[in-house]
Amino acid sequence: MNSAEAHGSPAFHLLGPVDQIPLGEGRAFAVDGEQVAVFRLRDGALRALAAVCPHRGGPIADGTIDRQVVICPLHQHAFDLATGCSTTGQEPLRSYNVTLDGDRNVVLQTGV
Amino acid sequence: MTSVVDRPQGRHATTPPRRRLVVIGNGMAGARAVEEILARGGAGQFTITMFGDEPYGNYNRIMLSHVLSGEESHADIFLNSLSWYRENNITLHAGVRAERIDKFTRHVFSSYGRVTPYDVLIIATGSRSHMPPMDGLHTPGGSVKQGVFGFRTIDDTQRMVAHAQQEHHRRAVVIGGGLLGLEAAYGLRSHGLDVEVVHSGGHLMNSQMGPDGGAVLRRSVEALGIGVHTGSRTTAVLGTDRVTGISLRDQPEISCDMVVVAAGIRPNVDLAVLSGLPVERAIVVDDRLRVQDEEDIYAVGECVQHRGEVYGLVAPLWEQAVVLANHVTGADTSAAYLGSRTATKLKVAGVEVASMGLHGPERDSDEHIVFSEPSRGVFKSIVVRDNKMVGATLLGDSRKVAFLTQAYDRGLPLPEERHNLLFDLGAPDGDVGVAELDDDAQVCNCNGVNKKALVGAVKGGCTTVAGAMDATRAGKGCGSCKLLVQQVVEWAAGGAVEEDPAAGYYVPGIPLDKPALMDEIRKRGLRSVSQVFQALAPGSLEDAKSKMGLASLLKMMLADHYIDERDARFINDRVHANIQRDGTFSVVPQMKGGVTSVQQLRRIADVAEKHKVPLIKLTGGQRIDLLGIPKEDLPQVWADLDMPSGYAYGKSFRTVKTCVGKDFCRYGTGDSTKLGIEIESRFQGIESPAKLKLAVSGCPRNCAESLVKDVGVVAVEGGRWEIYVGGAAGAHIRKGDLLATVDDPEQVKVLTGRFMQYYREQANWLERTYAYVPRVGIEHLRAVVVEDSEGIAARLDTAMQASVDNYVDPWSERNDPLTPGQFRTSLPLTVLPQVPVQ
Ligand code: SRM
Ligand SMILES: Cc1cc2nc3c(=O)[nH]c(=O)nc-3n(C[C@H](O)[C@H](O)[C@H](O)COP(=O)(O)OP(=O)(O)OC[C@H]3O[C@@H](n4cnc5c(N)ncnc54)[C@H](O)[C@@H]3O)c2cc1C
Ligand code: SF4
Ligand code: FES
């Protein structure tokens, strides 16, 4: 684990161009030992959650999304895209701050 | 004779000895009485033993009508499972019949030589089907002739279903046109049989309604494709070893393969008579439900006669059970049962009938308000005496049933304007009515759920109507109390009731049913899922749960005008493979009609070897499944296979299963493999509201299981082909209904396509044909699809052709992914480059 994170201070990771994530879908990234699903909403906004479903390990990045939630493809549990809280009674997914830089690259923040 | 003497277990020196409570009859009344006793601390007072003739726990007999029609499975109607008895320390002798009571020494003698002592006894033996005298009902050996059924128990129902589903059984006669008879007729009709109801009365349901209502009802029943013969007395059941028909007095014989006798019930009183208890029409009880002149013997349910009345419905027995339990446990020794007012409802989908009390005026001063609109199947009649309602009959419009039932039950004063009773005026609005209801007022009569139980469920967190219904089972019998259930839930939730994402919507996120949704899409020229949300969703909000259904609908409607947004698809349809528990996918190449070749087999073998496929499996759909393929390998696997997709993942046309057919099979009368391959080639990949699985068999031996497919084709003698629709053998089992018999395989393809197109346009999202076909009825489908009664056949054919023409093998996307990272792995992520810290 990266030492900045161990101390709880934020670390920023460049995930590359936003175009690698189609509108309305998610893609998974390995970031500093963590598995993160980054979603690009239809209005262009980004959201990032832990990529592994707490229910039975389903691939969250393969889920179906709207502006509020992502639905896991395996057993249809739903998670709030902003907070990671499950709306169907599962444990929450960790959520991450995610933004775009000036070159339309995805920037993910870990370690807070 | 050896005998076993039951000795209650678990007596303890320090606690006072518990008394021995024995219950004979483990049906709705017996089990309910025990539940009420337990609720009053009975477990501390009694060791409980129950005898049940049926080898099961207690189930909801009412629901047998739904089990017969296939709307419920028999496993779902149990009220008390065997574990319930264990958990409550009740000794249940299931499948054991009590034969005699010695009321002097207080013992029950039962089958298998068992002798059981009691301190308190409850008799709840219910009723049985009445078999009116007619010739030929029995075999010379004395058993009921094969093909004749009563309609009372789970076993009756299962035997009927099995009999109805035998392929050569096509016609059924139901004797009796009352509630039970009509429900039996409807149930058998759902299995595709031709059904005739033979009723000795002058009109249907004559104990519940007058002749005018009966005439309207008859039209509605006939509209279901059920034949009705009133004023007809059956004189004999024909056939030597099995049923071949019935004969009627003064009328021609009716031939049939099965007969259901629903001509009334008779209380089970043999045991009581044999044991010297007072029996008139049934076992005579007093207002405490105690058998007349007996200190320690109670009786409850359909086997009792109270103040001259014998009931044949459940509502009275819920009330009886409460009074009985109060006395048996001593919880309230002043409790008295004073009789019940009964209301009945018919549980036949599409024919709403409710009736209570008188069906016509009896005194000169009685008022009678009638509204009749036979063409719509609507009839309403109310009898008023002294400004109180004393009877009502409602057909075809049940909106007022909840209020009228309350007005009737509770003797509420009526509005001045009597017609307000029949129409949507004047009744107290939901809130007032519900707030006034007593806590223990019964809301759902079928399942005996009172207001308190429903309110409890809401307080316990079930804040949707559907949730509260699931938790209490209220509204899950005949369904006619749903409105009242809804009002109670809303009232209990104090306005915080969550809207059920209305059942009628095509998808939960757009408040429109399918026709209205399709209409709007057409009118506004919407072409993509996001446009539909934008234009039609409340607040233009997207809804993840609605995306897949909308994508399928738009593709069906628009063919190549559809703007395909990949995010609207479920992952399976984005990568054209079925996702599995570990996030890998399965690959099922097309293998039309289950026919393959050396080349295909060799290629599949090579691919499996090259990609180290963990499992190669023959599927139930007659093709080969390569399981455990990582997402990122899918394009290469497809490239190496160089075979089209078999669509084993989508809500779409799947496969056509075939048998060897006439070229090889010694029985084959039609070339089933050829036709199957042609059908699969034509309709491959067509999306639909739910999966479509087809089959073609070369003769009625049906080796391709055509009778249980969404569309199943069977070659019959003379070069003809039968087309069945709506069959299933998955989560539900249903024999398909015969749509048509045609001479020519080309005609099979036309009708198959036309049926599927009509289904695509009409069915609800995820509604398989096994639900859709019985919902709309095979007659209707036959009329539209075969006879072109609506003049839309040509349009349907054209629309299907457009979809066929628009087919592109999705696995061709392998060379040119449609979206960036379409096949990038989502888990596990070890293959991804690590991203540097900024
Ligand atoms: C592969 C196969 C089992 C096998 O090894 O033979 C299969 C596998 C699955 N079936 Fe099936 N069904 C398979 C034949 C059947 C059959 C038999 C048949 O097609 O002749 C049935 C009964 C007929 C029917 O469709 O009703 C069948 C009834 C179901 C059902 C119940 C549908 C229903 O409403 O009754 C489901 C669940 C669903 O659709 O919601 C289901 C769902 C599934 C899914 C897709 C579950 C899922 O969503 O992941 C399974 C995929 C497993 C996987 O990891 O890939 N499968 N499934 C069969 C593929 C047939 C093919 O070649 O296309
Ligand atoms: C298909 C169908 C649909 C119905 N629909 C409705 C409806 O919509 N609304 C409504 O109000 N009512 C309806 N009813 C009627 C309702 O089911 C009965 O009123 C109710 O079941 C009566 O309960 P019970 O306990 O008195 O009798 P049962 O439920 O018949 O229970 C009696 C039990 O006692 C057992 N038994 C009998 N003799 C002995 C013995 N000697 N030893 C041991 N066990 C014995 C029997 O095997 C049976 O299991 C319907 C009935 C049927 C068959
Ligand atoms: S029956 Fe079908 S859905 Fe169930 S485990 Fe087998 S393949 Fe999966
Ligand atoms: S693994 Fe995600 S819902 Fe089951």
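Each value in this text was obtained by applying a stated rule to the coordinates, not by laboratory testing. Fair warning: this is a prediction, and the values are worked out from it, not measured in the lab. Here the Cβ is made from the backbone with ideal geometry for all residues, glycine too, and neighbour counts use every protein chain on show.
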Exposure proxy check on B:S552, B:S111, B:S143: fewest-to-most Cβ neighbours within 10 Å is B:S143, B:S111, B:S552
With the 8 Å Cα cutoff and a minimum separation of six or more residues, segment B:73-120 has a relative contact order in percent of 21 percent
Once amide hydrogens are built 1.01 Å from N within the peptide plane, the residues lying 5 or more places from B:R114 or on another chain with amide H under 5 Å from its amide H are B:V4
The Kirkwood hydrodynamic radius of segment B:16-70, taken as the inverse of the mean 1/r over all distinct Cα pairs, in Å, comes to 12.6 Å
Dividing the surface of the Cα convex hull of segment B:238-286 by four yields a projected area in nm² of 6.0 nm²
For A:H75, the residues 5 or more places away or on another chain with a placed amide H closer than 5 Å to its own amide H are none
Going from the fewest other Cβ atoms within 10 Å to the most, one would list B:F371, B:F149 as B:F371, B:F149
Taking the square root of 5λ for each eigenvalue of the C-alpha gyration tensor of segment A:42-88, the equivalent ellipsoid has semi-axes, largest first and in whole angstrom, of 17, 10, 10
Between the alpha carbon centres of segment B:346-424 and segment B:678-731 the gap in Å comes to 47 Å
For segment B:743-758, Karplus-derived ³J(HN,Hα) couplings (6.51, -1.76, 1.60; θ = phi - 60°; whole Hz; x for glycine and proline) come out as 8, 9, x, 4, 5, 4, 5, 4, 5, 4, x, 5, 4, 5, 5, 4
Taking Lys and Arg as +1 and Asp and Glu as -1, residues besides B:Y408 with C-beta under 9 Å from its C-beta add up to +2
Taking max minus min of the Cα coordinates of segment B:485-640 on each principal axis, largest first, gives extents in Å of 65, 40, 29
Checked against the positive end of the charge dipole of segment B:607-692 (+1 on Cβ of Lys and Arg, -1 on Cβ of Asp and Glu, about the Cα centre), the farthest of B:S688, B:V607, B:S645 is B:S688
With T = 10 °C, eta = 1.306 mPa s and Kirkwood Rh from C-alpha pairs, the Stokes-Einstein D of chain A in µm²/s is about 114 µm²/s
Taking Cα pairs closer than 8 Å and at least 6 residues apart, the relative contact order of chain B in percent is 7 percent
Filtered hits (lysines, Cα-Cα < 25 Å from B:K482, offset >= 8 within chain) -> B:K345, B:K347, B:K380, B:K388, B:K400, B:K451, B:K452, B:K459, B:K514
Taking only Cα atoms of segment B:48-177, the Rg to Rh ratio with Kirkwood Rh works out at 1.03
Partner aspartates and glutamates whose C-alpha sits under 18 Å from that of B:K674, ignoring same-chain residues fewer than 8 away, are B:D663, B:E705, B:E717, B:E722, B:D743, B:D744, B:E746
Of all DSSP beta bridges having both residues in chain B, the percent classed as antiparallel (nearest 5) is 60 percent
Helix B:514-524: inclination vs chain B longest Cα principal axis, degrees, rounded to 10, gives 40 degrees
Largest-first semi-axes in Å of the equivalent ellipsoid built from the Cα gyration tensor of segment B:109-153 are 32, 15, 9
From the cross-link list B:K651/B:K693; B:K662/B:K709; B:K547/B:K693, the entries with a Cα-Cα span beyond 18 Å are B:K662/B:K709; B:K547/B:K693
By the Kirkwood definition, with r running over pairs of different Cα atoms, segment B:297-367 has a hydrodynamic radius in Å of 14.6 Å
Rounded to the angstrom and largest first, Cα extents along the principal axes for segment B:127-267 equal 44, 33, 29
Binned at 10 Å starting from 0, the alpha-carbon pair-distance distribution of segment B:711-838 in whole percents comes out as 11, 30, 25, 14, 11, 6, 3, 0
Taking N as the number of residues in chain B, the ratio of its alpha carbon radius of gyration to 2.2 N^0.38 Å works out to 1.09
Cα-based Debye curve of the protein assembly as shown sampled at q = 0.05 Å⁻¹ gives log₁₀ I(q)/I(0) of -0.38
For B:L224, the net charge from surrounding residues (Cβ-Cβ under 15 Å; K, R +1; D, E -1) works out to -2
Here, segment B:137-214 modelled as identical Cα point scatterers in vacuum has Debye log10 I(q)/I(0) at q = 0.21, 0.25 Å⁻¹ of -0.99, -1.20
Relative to chain B, whose Cα atoms define the longest principal axis, helix B:482-492 and its Cα axis are tilted in degrees, nearest 10, by 80 degrees
A correct Stokes-Einstein calculation for segment A:54-112, using the alpha-carbon Kirkwood radius, 10 °C and 1.306 mPa s, returns a whole-number D in µm² s⁻¹ of 128 µm²/s
Expressed as a whole number, the average count of other chain Cβ atoms within 10 Å around the Cβ atoms of B:817-824 is 4
The base-10 log of I(q)/I(0) that the Debye equation returns for segment B:211-313 at q = 0.17 Å⁻¹, one scatterer per C-alpha, is -0.85
When B:H191, B:H130 are ranked with the fewest other C-beta atoms within 10 Å first, the list becomes B:H130, B:H191
A student asked for the Cα radius of gyration and Dmax of segment B:49-99 in angstrom ought to give 12.3, 36
Lys and Arg at +1, Asp and Glu at -1: neighbours of B:D663 with Cβ under 9 Å from its Cβ sum to +1
In the protein assembly as shown the DSSP beta bridges are antiparallel at a rate, in percent to nearest 5, of 70 percent
One would report the antiparallel percent of DSSP beta bridges in segment B:237-336, rounded to the nearest 5, as 75 percent
